[in-house]
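Below you'll find the structure, written out as structure tokens, and then a few comments.
The values are calculated or read from the model by the stated rules, or taken from the named source; none is laboratory data. What you see is a predicted model, and the numbers here were worked out from it, not measured in a lab. Positions of Cβ are generated from backbone atoms using ideal geometry, with glycine treated the same way; all protein chains shown enter the neighbour counts.
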Amino acid sequence: MKLRPQENSGDRNEECGATQRALASPWLHTLLRGAIALLSVLFLLLFLYAALRRLRYPFELEWLESGVLLSVRRILAGQGLYVAPSTDFVPYLYAPLYFYLVATVAKLTSVSYVALRAVSIVGTLGCCGLIYAFIACETRRRLAAIAGAGLFLACYPLVGNFYDIGRVDSLYVFFLLLALFCARRGHPVLAALACVLCFQTKQSSLIVAIVLLSADWQHRRRIVVGLGTFAAVLGASLLWMNRATEGWYSFYLFHVAGGFKTVWREVFLYLPQDVLAPMGIALLLGLAAWAFTGVALRSRAASFYVAVTIALYASVGYIGAHAGSSANTYMPVYAWTAILFAVAFARLLTHLEQSGGVRAALATTLVLAAAATQLALLLYNPGRYLPTPTVREARQRFIDQIRSMPGDVYIFSHGYDAVLAGKLPHAEFTPIDNLLTKPNTAVAKTLRAEFDDALRSHRYSAVVVDGPLSDDTYGIQRAYPFALSAESEEERFLTSQPTWILLPCSTAESIASIAMRDDTSVRSEKCSVARP
């Protein structure tokens, strides 16, 4: 029996050494650094491609854009935003800054979705600039700053592509990041003013603002100045808005917005599902930096990062646990996680460079590869978020269908479609539902009585609703039992879209004959009329 000759241990050591030298070589580090920079720039290009292609889409990209644009139209018409609710208009439960800023832009462009989305796109790009500036000031490493901004942009699919949608979120995150930057690197008065702007964009930032302005516990004068300025300016703005709106401002922003049901398990589940799962490598790098780079837990920097992290993650989890929240709620957490990732990435690189040696070079390769992998895992196809020609044509058919119908048509969840069809807009479903979920309040009772009276008297020739006919929370089908399928998207694009055109029996036959198309389905069990 032949014995296999033993391998020479010197050869094995030489091969192992060669492998280590290759993995620790400067050219590999340069390659990985280039990959991180290229991926980050690629995410910027992907966002710009999707956002600019979607900018001029003439219909909704997200179903609440319609109501936001109706609010802007009211401002431009000189009407109040916070008024007594009616079937004609009920405001959303947001602070006013975004709406007035969009109205200013609309004076230069046009009253269309372009103005809404332009503000959101600029807000998102502003977020990237602030993330870059924050990280560059903290670390003095350009690559880390680029990677942080790139990771934030990479979260575009994770937030339901809200970065360019015509809602308050991108502007809100911009002001939040501005407040963070000023609190860390600027004067506390500037941080306080940025917090006020943040609050007047989306009032859910109140707790984070207070924690942020209190984070520098080692400099009590900064805390007093920051909190004092914030309380004085915010208090003055609240008093002024309440006086200007006869109290309706506080009614909507605090009384109604504070009454949503909370699903408490979501407070804890969102971290593993929505943060750890997509950004696990980024968080691991953060833990590695904390463990190996000698973080001084009692330092000013550490107290700032710990306070902001706890406040942001906890407040966003609480807000996201409320009924009606969606992926846009997590935008501040993704922005802050991108900052934590980049700062940790920079600290690890600096620590390893100072250590020197082959092991440090190997660890540098591992850190660079981890950062590049985190970015690469979030690559996406921007074409998925572009409305197809089929969707656009179907939406236009629906507008044409509404335009052909006589009289006043109430489109319950897409009021700006009525404007596009040459009809009068009415209050949107979401703000109406926000009020009527509190049925015992006098305001809710008055609105419900007006709504029921409008239905009973057939004030509208038709009512367009979303969803299945089995869902008739507000009794619309009792007064409008004849149902035609709406000519909506053949491919589902909106989170909620027009589904049924409801008609009263008395005029169903004449109106249906006008609105019918070849593929229209009819449901008329409660009407004794012939089908057209």
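Which of the residues belonging to the range 196-210 are farther than 15 Å from residue 315 by Cα and of a type in the set (A, V, I, L, M, F, W, C)?
Within the range 196-210, 196, 197 qualify.
Which numbered condition trips up residue 346, out of (1) touching a Lys or Arg at 6+ places or on another chain (Cβ under 8 Å); (2) buried (at least 23 other Cβ atoms within 10 Å of the Cβ); (3) in the same structural domain as residue 511 (by TED's automatic domain parsing)?
The failed condition is (3).
Go through (1) under 15 Å from residue 416 (Cα atoms); (2) of a type outside the set (Gly, Ala, Ser); (3) in contact with a helix residue (DSSP H, G or I) (Cβ under 6 Å, 6 or more places away or on another chain); (4) part of a loop (DSSP other than H, G, I, E, B) for residue 82 and report which single condition fails.
(1)
Looking at the range 57-103, which of the residues that are among the small types (Gly, Ala, Ser) and under 20 Å from residue 196 (Cβ atoms) is surrounded by the fewest Cβ atoms within 10 Å (Cβ to Cβ)?
Per the stated criteria, the residue is 103.
Of the residues 211, 224, which single one is part of a helix (DSSP H, G or I) and in contact with a helix residue (DSSP H, G or I) (Cβ under 8 Å, 6 or more places away or on another chain)?
Of 211, 224, the one residue that is part of a helix (DSSP H, G or I) and in contact with a helix residue (DSSP H, G or I) (Cβ under 8 Å, 6 or more places away or on another chain) is 211.
Looking at 176, 193 in this structure, which one is of a type in the set (A, V, I, L, M) and under 22 Å from residue 44 (Cα atoms)?
Only one candidate passes the filter, namely 176.
Could you tell me which of the residues 443, 464 is of a type in the set (A, V, I, L, M), touching a residue at least 60 places away in the same chain (Cβ under 8 Å) and over 17 Å from residue 418 (Cα atoms)?
443
Kindly check whether there is at least one residue in the range 137-151 that is farther than 27 Å from residue 349 by Cβ, touching a Leu at 6+ places or on another chain (Cβ under 9 Å) and not in a helix (DSSP H, G or I).
The answer is no, given that none of the residues of the range 137-151 is farther than 27 Å from residue 349 by Cβ, touching a Leu at 6+ places or on another chain (Cβ under 9 Å) and not in a helix (DSSP H, G or I).
In this structure, does residue 384 turn out to be charged (D, E, K, R), within 24 Å of residue 152 (Cα to Cα) and within 25 Å of the chain's Cα centre (by Cα)?
Answer is yes for this residue.
Among the residues of the range 147-167, count how many are buried (at least 24 other Cβ atoms within 10 Å of the Cβ) and among the β-branched types (Val, Ile, Thr).
Matching residues across the range 147-167 total 1.
Please determine whether any residue of the range 85-97 is more than 26 Å from residue 454 (Cβ to Cβ), touching a residue at least 24 places away in the same chain (Cβ under 8 Å) and assigned to a helix (DSSP H, G or I).
Yes, there is a match, as at least one residue in the range 85-97 is more than 26 Å from residue 454 (Cβ to Cβ), touching a residue at least 24 places away in the same chain (Cβ under 8 Å) and assigned to a helix (DSSP H, G or I).
Among the residues of the range 310-322, is any closer than 21 Å to residue 150 by Cα, in contact (Cβ under 8 Å) with a residue 60 or more places away in the chain and part of a helix (DSSP H, G or I)?
Checked the range 310-322: at least one residue is closer than 21 Å to residue 150 by Cα, in contact (Cβ under 8 Å) with a residue 60 or more places away in the chain and part of a helix (DSSP H, G or I).
Based on this model, can you work out whether residue 337 counts as assigned to a helix (DSSP H, G or I), among the polar types (S, T, N, Q) and at pLDDT 95 or above?
When the stated conditions are applied, residue 337 passes them.
All but one of (1) modelled with pLDDT of 95 or more; (2) farther than 20 Å from residue 242 by Cβ; (3) more than 16 Å from the chain's Cα centre (by Cα) hold for residue 27, so report the exception by its number.
Exception for residue 27: condition (1).
Is it the case that the range 284-300 has a residue that's outside any loop (DSSP other than H, G, I, E, B), touching an Asp or Glu at 6+ places or on another chain (Cβ under 8 Å) and touching a residue at least 40 places away in the same chain (Cβ under 8 Å)?
Yes, the conditions are met somewhere in the range 284-300.
If the requirement is being within 19 Å of residue 135 (Cα to Cα) and either at pLDDT 95 or above or crowded, with 19+ Cβ neighbours inside 10 Å (or both), which of these qualifies: 209, 192, 179, 236?
Being within 19 Å of residue 135 (Cα to Cα) and either at pLDDT 95 or above or crowded, with 19+ Cβ neighbours inside 10 Å (or both) holds for just one of 209, 192, 179, 236, which is 179.
Being modelled with pLDDT of 95 or more and in the same structural domain as residue 41 (by TED's automatic domain parsing): is that true of residue 420 here?
The answer is no for residue 420.
Please count how many residues of the range 152-173 are in a helix (DSSP H, G or I) and under 20 Å from residue 113 (Cα atoms).
Selection size over the range 152-173: 7.
Which is more than 30 Å from residue 25 (Cα to Cα) and either of a type outside the set (Val, Ile, Thr) or out of contact with any Leu (no Cβ under 6 Å at 6 or more places or on another chain) (or both), of 432, 399?
Answer to the check: 432.
Checking the structure you have, find out if any residue of the range 47-54 is assigned to a loop (DSSP other than H, G, I, E, B) and in contact (Cβ under 8 Å) with a residue 24 or more places away in the chain.
No - not one qualifying residue is present in the range 47-54.
For the range 352-372, what are the residues that are touching a residue at least 60 places away in the same chain (Cβ under 8 Å) and surrounded by 14 or more Cβ atoms within 10 Å (Cβ to Cβ)?
Residues satisfying the conditions are 361, 362, 364, 365, 367, 368, 369, 370, 371, 372.
Restricting the search to the range 40-56, which residues are farther than 19 Å from residue 384 by Cβ and crowded, with 19+ Cβ neighbours inside 10 Å?
Result: 40, single match.
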